[in-house]
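*Asks:* For reference, the structure I am asking about is given below.
The numbers here are math on the coordinates, done by the rules we state, and not lab data. Owing to the predicted nature of the structure, the values given are computational and were not obtained by experimental measurement.
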Amino acid sequence: MTEQYGDIAHVMSTYEKHRWGDTTVIGRGINSIQMIRKDNRWWVTSIIWDEETGAGPVPPKYLPAKR
């Protein structure tokens, strides 16, 4: 999910953790990324994240659409 106003943007993305070669989900959470557009490109100004265990379940609006 991306929200933008002028030259600033806020991007929320989800992640899942897996062991190499295994599809079992061992953790997931949300990344919050702040960006600014300067010199015709986007620059990341900050990134923070939180896992489900501490913040509760990831809200459905942030989850990818099911295929």
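*Asks:* Specify the residue with the greatest mean-square fluctuation among S13, S46, S32, computed from a Gaussian network of the chain linking alpha-carbon atoms under 10 Å apart.
*Replies:* Of S13, S46, S32, the Gaussian network model singles out S46 as fluctuating most.
*Asks:* Which whole-number percent is the relative contact order of the stretch 2-52 (Cα, under 8 Å, 6+ apart)?
*Replies:* 31
*Asks:* I would also like to ask the following. For T14, what residues show an amide H to amide H distance below 5 Å, using hydrogens built from the backbone and excluding near sequence neighbours?
*Replies:* Long-range HN contacts for T14: N31.
*Asks:* What label, among (1) 18, 16, 11; (2) 25, 16, 10; (3) 27, 13, 12, belongs to semi-axes √(5λ) of the Cα gyration tensor in Å computed from the structure on display?
*Replies:* (3)
*Asks:* Something else: Which ³J(HN,Hα) values in Hz, rounded to whole numbers, follow from the phi angles of the stretch 39-50 under the Karplus curve 6.51 cos²θ - 1.76 cosθ + 1.60, where θ = phi - 60° and Gly and Pro get x?
*Replies:* 6, 6, 8, 9, 10, 7, 9, 6, 9, 9, 8, 8
*Asks:* Please list the non-local residues whose amide H lies under 5 Å from the amide H of D50, H modeled 1.01 Å from N, same-chain partners needing a gap of 5 or more.
*Replies:* I30
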